[in-house]
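Q: Quick one: structure below, then a few questions.
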Amino acid sequence: MKSASSWLLSKKQWTWQCSPGLTCEPTTWHMGKSSESTIQIPSRGSSMTIERIRKLEAIGFVWNFRHYAWNQQYLNLVAFKKQTSPDPDQQHCNVPRDYPANQALGNWANTQRTQYRFLQEGKKSSMTIERIQKLEAIGFAWRRYNM
C-alpha cells in the first residue's frame, strides 16, 4: 500500500516553466485527474506529458533546432579541419565563404565571425560564450585573412 505522500506525488501535475530551449523546471503543481505528470509550456499554450517527452527523446527528437543545427555545422567544421592536412600542426578552420564542397559551411563560418564581431561591438548577437569556447578550442580564426 502506498503512503499518503507517495500517493499525493503520483497524483499531482507539475506546471513547468520552460526556457526558449525548453529546459524546464517545475514551478507549481496542482491535483489532476490523471496520475501522469504534465508539463505546461506557457509560451505555446499546450501541455505535454513527461512520458511523451521521454518517448520523443528516445527516438532522437530535437527540441531546439537552432542549437542542433549550430552543433551540426560545428561538427562539419571539425571534419573540414581534419581534411585540410594530415599534419595536425598544419590543419586550419579557414573555410572559404564559397567553399564548393559545402557552401552552407562556408556561409556558417562567415556568420560566426559576423556574430562574434556584433558581440564585441555590443550589438544583438546569437554568439554565446559556450560557442566562442568551442570554436576557439579547435583553432577557429575570428579574422579569416589574419591567420
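Q: So, in segment 75-86, of the ones that are within 14 Å of Leu135 (Cα to Cα) and not basic (Lys, Arg), which residue ends up least open to solvent (accessible area, probe 1.4 Å)? Talk me through it step by step, then tell me what you get.
A: First pass over segment 75-86, keeping only residues within 14 Å of Leu135 (Cα to Cα): 75-81.
Checking the rest, the ones that are also not basic (Lys, Arg) come to 75-80.
Numbers: Leu75: 98, Asn76: 63, Leu77: 0, Val78: 36, Ala79: 42, Phe80: 19 Å².
Per the criteria, the residue is Leu77.
Q: Please list, ordered by first then second residue, the pairs with beta carbon atoms under 9 Å, 6 or more apart or interchain, first in segment 40-64 and within 25 Å of Ser126 (Cα to Cα) and aliphatic (A, V, I, L, M), second surrounded by 11 or more Cβ atoms within 10 Å (Cβ to Cβ) and modelled with pLDDT under 85.
A: Filtered contacts from segment 40-64: Ile41/Trp16; Ile41/Cys18; Ile41/Leu22; Ile41/Cys24; Ile41/Ser47; Ile41/Met48.
Q: Are any residues in segment 111-147 open to solvent by 50 Å² or more (accessible area, probe 1.4 Å) and among the polar types (S, T, N, Q), and if so, which ones?
A: Thr111, Gln120, Ser126, Thr128, Gln133, Asn146
Q: Starting from segment 77-88, keep only residues that are β-branched (Val, Ile, Thr), then list their pairs with residues that are open to solvent by less than 40 Å² (accessible area, probe 1.4 Å) and not in a helix (DSSP H, G or I) whose Cβ atoms are within a distance under 9 Å, requiring at least 6 positions of separation or different chains.
A: Matching pairs, first to second residue: Val78/Cys93; Val78/Ile138; Thr84/Cys93; Thr84/Asn94.
Q: Still on this structure, please answer the following. From the list Asp98, Asp89, which one is assigned to a loop (DSSP other than H, G, I, E, B) and either modelled with pLDDT under 90 or open to solvent by 70 Å² or more (accessible area, probe 1.4 Å) (or both)?
A: Numbers: Asp89 fails: assigned to a loop (DSSP other than H, G, I, E, B).
On inspection, the qualifying residue turns out to be Asp98.
Q: Check Arg144, Arg113 and return the single one that is touching a residue at least 12 places away in the same chain (Cβ under 8 Å), over 18 Å from Ala79 (Cβ atoms) and not in a helix (DSSP H, G or I).
A: On the way: Arg113 fails: not in a helix (DSSP H, G or I).
After ruling out the rest, the residue left standing is Arg144.
Q: May I pose another question? Only one residue in Leu77, Leu119 is in contact with a helix residue (DSSP H, G or I) (Cβ under 7 Å, 6 or more places away or on another chain) and part of a helix (DSSP H, G or I). Which one?
A: Working: Leu119 fails: in contact with a helix residue (DSSP H, G or I) (Cβ under 7 Å, 6 or more places away or on another chain).
Matching residue, one of Leu77, Leu119: Leu77.
Q: Okay, next question. Limited to segment 89-110, what total is found for residues that are free of Cβ contacts under 8 Å to residues at least 40 places away in the same chain and in contact with a Ser or Thr (Cβ under 9 Å, 6 or more places away or on another chain)?
A: The total comes to 1.
The values are calculated or read from the model by the stated rules, or taken from the named source; none is laboratory data. Source: prediction; values computed, not measured. Here Cβ is always computed from backbone atoms with ideal geometry, including for glycine, and neighbour counts include all displayed protein chains. We work out accessible area using only protein heavy atoms, side chains counted, and drop any ligands, DNA or RNA first. Shrake-Rupley method; radii C 1.70, N 1.55, O 1.52, S 1.80 Å.
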